[in-house]
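Here the structure is laid out as structure tokens; the discussion comes afterwards.
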Amino acid sequence: MKIQGSVALVTGANRGIGKALVTALVDAGASKVYAAARDTSSIVGSDKVIPLTLDVTDAASVAAAAEKAKDVTLLINNAGVLEGGAIAEADQPTVDRHFAVNFHGKRAMVAAFAPAIEENGGGAIVNLLTLIALASMPGFGVYNASKAAAWSMTQSIRADLGKKGIAVHGVFPGAVDTDMLAGVEMDKTKPEDVANAIVEGVEAGEEDIFPDPMSTAVYGQWKVDHKAVEHQFSAY
């Protein structure tokens, strides 16, 4: 789809990739961007940027957002949570928290906004996933699992919504310089660069978007020998 003239909604828009996406969308010509977050106090509104209080894990909050933003044609499910640790050692609240945001929150947003996007003549849904949904890093076990489940869901809704004029994109970032990876020492891509690559990928119709050098390189390796990538990542 073309960003020019679109009406977008970005979840988790108060920081990191989400904040950068709001700017990238406005720069690309979006007519309106709903910048959604649980805490919108840091979001600066304008004639094109509309702060929207939203908790993707709360059904009433999602329904209220869908009622307010009926003109959306582009939904970007960016909100996420990341905590480290081995999955076999994680307690149930940690597992529930990751799946509530990273999987169920995305599914709820799709269910709430797909009818409006169809009614508005079609558009697109973008799910922010992660490179390590393809090959797990054990140190982020619960995060990996929740995002891998969201990847599977993304494929399912792509099949369901394509016939309704709604393109569905999965985004698989590598290491990005955001609060989520603060303190993790490795090469990271600026969130602004990732956001611009996502916007370009949506406009180009790329179903799977690898928006940074790390994700592009690893995906190339994964296509050749996914077990080699799995074994490589197992050291982390």
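For H104, what accessible surface area do you get with a 1.4 Å probe? Give it in Å², rounded to 10.
H104 exposes around 100 Å² with every protein chain in place.
Based on the mean of other beta carbon atoms within 10 Å per residue, what is the order of 122-131, 35-44, 191-200, most packed first?
122-131, 191-200, 35-44
In the chain, what percentage of the DSSP-assigned beta bridges are antiparallel, given to the nearest 5?
Around 0 percent of the beta bridges assigned by DSSP in the chain are antiparallel ones.
Please calculate how many Å² of accessible area region 80-164 carries per residue, with a 1.4 Å probe and no DNA, RNA or ligand atoms counted.
41 Å²
(i) 0.95; (ii) 1.36; (iii) 0.97: which one is Rg/Rh (Cα atoms, Kirkwood Rh) as calculated from this entry?
So the calculated entry is the one marked (i).
Once the Cα atoms of helix 141-161 and of the chain are each reduced to a long axis, what angle between those two axes, in degrees from 0 to 90 to the nearest 10, is obtained?
Helix 141-161 sits roughly 40 degrees off the main axis of the chain.
First compute the accessible area of region 37-160 with a 1.4 Å probe, then give the percent of it belonging to carbon and sulfur atoms.
Solvent-exposed carbon and sulfur of region 37-160 make up 54 percent of the total.
Among the aspartates and glutamates, which fall within straight-line cross-link reach of K106, defined as a Cα-Cα distance under 16 Å, with same-chain neighbours fewer than 8 residues apart omitted?
D55, D58, D96, D160
Report, in degrees rounded to the nearest 10, the 0 to 90 angle that the Cα long axis of helix 213-224 makes with the longest principal axis of the chain.
Relative to the chain, helix 213-224 is tipped by roughly 60 degrees.
So how much accessible area does Y236 have, in Å² to the nearest 10, using a 1.4 Å probe?
140 Å²
Pairs to check: K2/K68; K32/K70; K2/K190; K2/K32. Give those whose C-alpha atoms are more than 19 Å from each other in this structure.
K2/K68; K2/K190
The values are calculated or read from the model by the stated rules, or taken from the named source; none is laboratory data. Only a predicted model underlies this, so the values are computations on that prediction, with no experimental measurement involved. For neighbour counting, all protein chains shown are included, and Cβ atoms are generated from backbone atoms with ideal geometry for every residue, glycine included. Calculation scope for accessible area: heavy atoms of the full protein, side chains included, ligands and nucleic acids excluded. Shrake-Rupley method; radii C 1.70, N 1.55, O 1.52, S 1.80 Å.
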